[in-house]
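Every number in this text was worked out from the coordinates using simple rules, so none of it is lab data. What you see is a predicted model; the values in this text were computed from it and never measured. Quick reminder, even Gly has a Cβ in these numbers, built from the backbone with ideal geometry, and neighbours come from all protein chains shown.
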Amino acid sequence: MKKMAIALLGFAGIVSFSAQAQMKPEDAIKLRQSAMKLIGYNFGSIGAMVNDKKPYNKDEAIRNASRVDALSTQPFEFFIAGTDKGETKAKAEIWKDSDKFKAAAEKMQGEVAKLAQVARTGDMAALKAQVGTTGSACKACHDDFREK
Ligand code: HEC
């Protein structure tokens, strides 16, 4: 009986952890901002390399681009209900026009997948071009959905 109760408690713990609806809004906001910061850090590193602000290192560029790609869906798990207010630059439009927001996220996700592919080729000119295209996809969403 005791074992059973412990098993049930463990299960309840897992369920409440995975239910993001129960996450505190301020925690969700911090998590999405942290994910965006990591994306920004890794993307910025590649940007600096293709713009001669930092020595080009193929392995590092591959690592940065793979991380941006891997993290690209993460912030969007945390735009949950109740996170339109507080310490956030997210605009209310995110929840009013969620289809457009989702499309902007998917556009960026497609571009960062390409970025990761291009980084592996070691073709600097192609990498620079793809950094530009990706940056535009970031900016398009920030322009529409993020406070200045
Ligand atoms: C679909 C929309 C969307 C796309 C695409 C997007 N962002 Fe963001 N980004 C946001 C929103 C909204 C915020 C504000 C989040 C908040 O304050 O809660 C943000 C915040 C940020 C921040 C600031 C984080 C902080 O709080 O310090 C950085 C850095 C960032 N984004 C980088 C990027 C980069 C780099 C890309 C492209 C690879 C990108 N973003 C693509 C919507 C987007």
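Note on Lys114 and Asp144: their simple-model spin labels are 1.8 nm apart, each label 7 Å out from Cα toward Cβ.
In a GNM of the chain with a 10 Å cut-off on Cα contacts, which of Ala48, Ala105, Ala137 has the highest mean-square fluctuation? Sorting by GNM fluctuation, first place goes to Ala48.
Pairs exceeding 30 Å between alpha-carbon atoms, taken from Lys53/Lys139; Lys30/Lys96; Lys58/Lys148: Lys58/Lys148.
Residues Leu38, Leu115, ranked from the fewest to the most other C-beta atoms within 10 Å, line up as Leu38, Leu115. Each of Thr134, Thr73, Thr121 was scored by other Cβ atoms within 10 Å of its Cβ. Listed from fewest to most, they are Thr121, Thr73, Thr134. Working from Cα positions, state the angle (0 to 90°, nearest 10) between the long axis of helix 98-121 and the longest principal axis of the chain. It works out to around 50 degrees. Counting only Cβ charges, +1 for Lys and Arg and -1 for Asp and Glu, the dipole size of the chain around its Cα centre is about 320 debye. Measuring nothing but how far apart in sequence close Cα pairs (under 8 Å, 6+ apart) lie, relative to its length, the stretch 27-148 scores a relative contact order of 31 percent.
Compared with the alpha-carbon gap, the fully stretched path from Lys54 to Lys89 is longer by 9.6 nm at 0.36 nm per residue.
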